[in-house]
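Student: Okay, handing you the structure first.
The values are calculated or read from the model by the stated rules, or taken from the named source; none is laboratory data. Note that this is a predicted model, so its numbers are computed, not measured. Here the Cβ is made from the backbone with ideal geometry for all residues, glycine too, and neighbour counts use every protein chain on show. Areas reflect the complete protein model, heavy atoms only, side chains present, ligands, DNA and RNA absent. Shrake-Rupley method; radii C 1.70, N 1.55, O 1.52, S 1.80 Å.
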Amino acid sequence: MTVRKGKRLGISIQEHMAIDVCPGPIRPIRQISAYFPRLSPTSSFSEPLSPSHPGAPTALSPSSTGQGGGPIGGGGGSSSLLTPLLPGASGGGGSLSAMSSMDTSIEIDSCDSDDNTSLGTLAFDLLYEKATSSLHCTVLRAKGLKPMDFNGLADPYVKLHLLPGACKANKLKTKTVRNTLNPVWNETLTYCGITEEDMYRKTLRVSVCDEDKLTHNEFIGESRVALRRVKPDQTKHFNICLEHPPPLPSPTAMSTALRGISCYLREWESEQQRSLEERGRLLLCLEYLPPAADGVTKGESKERARGGLCVGVKRCAHLAAMDVNGYSDPYVKTYLKPDVHKKSKHKTAVIKKTLNPEFNEEFFYEISFSELATKTLEVTVWDYDLGKSNDFIGGVSLGCHSQGETLQHWIDCLKNKGKKVERWHTLTNELPGSTLQE
């Protein structure tokens, strides 16, 4: 049955086409099911509904014309585009009506179209130098960034973080390029003290942000690169699309029995990350000097002739900023514990206003090889403050009870007598089983 001539239904063309015309992916209108019969899949189509009945729904069906130009199955007198579709009627809209009644409980994704628009691309190079334990990231350029300012442009810059353990100590940042969506940096940022173990287990997070002087800076997009993809001493080029940060898992999506466990695990994980927060890197050189067989030689002290452990504090990198100016005034202290007589403390000079100090100082502990196997070398880094207590930045312990690279460094020192063994170490904000002494 067709609609009378001159009578129009108040349905817009967007509703008729059943699409969303806003930018982004085409999505069906959430209320489109209101224009179709709400029939159960098990209901019979043999009972027709009267179109004059106030509860009879009106379905949308594009008219189909035959060879004669009239509507198929109609009286041929009307050419209206909108026809009320009866449940028992046959035609092109029958399957559409049946499909509309199925799965009406499925929720349509209601995310904004901006979440799916392009955030831009970023090109950069990564190079790991094994000899110097350095990771070089050359940020080249970005294209097609998302506009963030009122003028349709942005003031982009790039930030680098190493995961896990992202903090201010391992954040690197490029300069800001003003008023552009296609910035060019050609700037190299370098991480010092990156070991082979770091290259295997860590991930580099590259973030692009928009700088705002009056308000907080805005996040544009990011990408994450597993450092295991980079081969030593070989430059690898990346040209990647920026993405939104991965969403955190929500406990509401889990069953009631798992919600408490999820919250507990999340708190435990955050507590573990805080307790093992990375505070920078320290380059140490260890050497065990065996007793000299011929006594004291020329240019050698009596202590060194009797044998002992030589500790060389070379430098630190990417230390945590402890002062309000964004820097620290670092110095290093060493202990050989257990220290019964309180005579094993050594201290370097203070380097003012830096996060990458170079010390190049050596300390010697006169001790036999058998005694050294029972000792633990504790190295701590502090921030000097005038007129108040100094701030602890981080530390590392080396001994037979250590783990990972610190244990391997200690074993290599004991095995290679008379040879200098140099390694980078990660500073943490806590030393297990140790009482910090300022």
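Student: Give me a count of the residues in the range 378-414 that are surrounded by 14 or more Cβ atoms within 10 Å (Cβ to Cβ) and within 34 Å of the chain's Cα centre (by Cα).
Tutor: Number satisfying all stated conditions: 24.
Student: Right, something else. Run Gly394 past the list (1) part of a loop (DSSP other than H, G, I, E, B); (2) farther than 17 Å from Lys337 by Cβ and report the number of the one that doesn't hold.
Tutor: (1)
Student: While we're looking at this one, here's another question. Check the range 359-368 and report whether any residue there is modelled with pLDDT under 90, surrounded by 20 or more Cβ atoms within 10 Å (Cβ to Cβ) and not charged (D, E, K, R).
Tutor: No: zero hits.
Student: Any chance you could count how many residues in the range 358-391 are among the hydrophobic types (A, V, I, L, M, F, W, C), assigned to a loop (DSSP other than H, G, I, E, B) and touching a strand residue (DSSP E or B) at 6+ places or on another chain (Cβ under 6 Å)? If you could, list the steps in order and put the result at the bottom.
Tutor: Let us first name the residues in the range 358-391 that are among the hydrophobic types (A, V, I, L, M, F, W, C), namely 359, 363-364, 367, 369, 372-373, 377, 379, 381-382, 386.
Okay, now just the ones that are also assigned to a loop (DSSP other than H, G, I, E, B), so 367, 373, 386.
Now restrict to residues that are touching a strand residue (DSSP E or B) at 6+ places or on another chain (Cβ under 6 Å): 367.
Matching residues across the range 358-391 total 1.
Student: Considering each of Lys417, Lys375, Lys343, Lys333 in turn, give the residue that is touching a residue at least 12 places away in the same chain (Cβ under 8 Å) and loosely packed, with under 14 Cβ neighbours inside 10 Å.
Tutor: It is Lys417.
Student: May I ask you to verify whether Gly165 is under 20 Å from His425 (Cβ atoms), open to solvent by less than 40 Å² (accessible area, probe 1.4 Å) and either assigned to a loop (DSSP other than H, G, I, E, B) or touching an Asp or Glu at 6+ places or on another chain (Cβ under 6 Å) (or both)?
Tutor: yes
Student: Answer yes if at least one residue in the range 137-151 is touching a residue at least 40 places away in the same chain (Cβ under 8 Å), on the phi < 0 side of the Ramachandran plot, of a type in the set (A, V, I, L, M, F, W, C) and open to solvent by 30 Å² or more (accessible area, probe 1.4 Å), and no otherwise.
Tutor: Taking every residue of the range 137-151 in turn, at least one turns out to be touching a residue at least 40 places away in the same chain (Cβ under 8 Å), on the phi < 0 side of the Ramachandran plot, of a type in the set (A, V, I, L, M, F, W, C) and open to solvent by 30 Å² or more (accessible area, probe 1.4 Å).
Student: Looking at (1) open to solvent by 10 Å² or more (accessible area, probe 1.4 Å); (2) touching a Leu at 6+ places or on another chain (Cβ under 9 Å); (3) among the β-branched types (Val, Ile, Thr), which one does Val208 not meet, given that it meets all the others?
Tutor: Only one criterion is unmet by Val208, namely (1).
Student: Another one. Answer yes or no: is there a residue in the range 190-199 that is of a type in the set (Val, Ile, Thr) and surrounded by 20 or more Cβ atoms within 10 Å (Cβ to Cβ).
Tutor: Yes, some residue in the range 190-199 is of a type in the set (Val, Ile, Thr) and surrounded by 20 or more Cβ atoms within 10 Å (Cβ to Cβ).
Student: Let me spell it out: the conditions are (1) at pLDDT below 90; (2) surrounded by 14 or more Cβ atoms within 10 Å (Cβ to Cβ); (3) in a loop (DSSP other than H, G, I, E, B), and Thr426 meets all of them except one. Which number is the exception?
Tutor: Checking Thr426 against (1) at pLDDT below 90; (2) surrounded by 14 or more Cβ atoms within 10 Å (Cβ to Cβ); (3) in a loop (DSSP other than H, G, I, E, B), the one that fails is (3).
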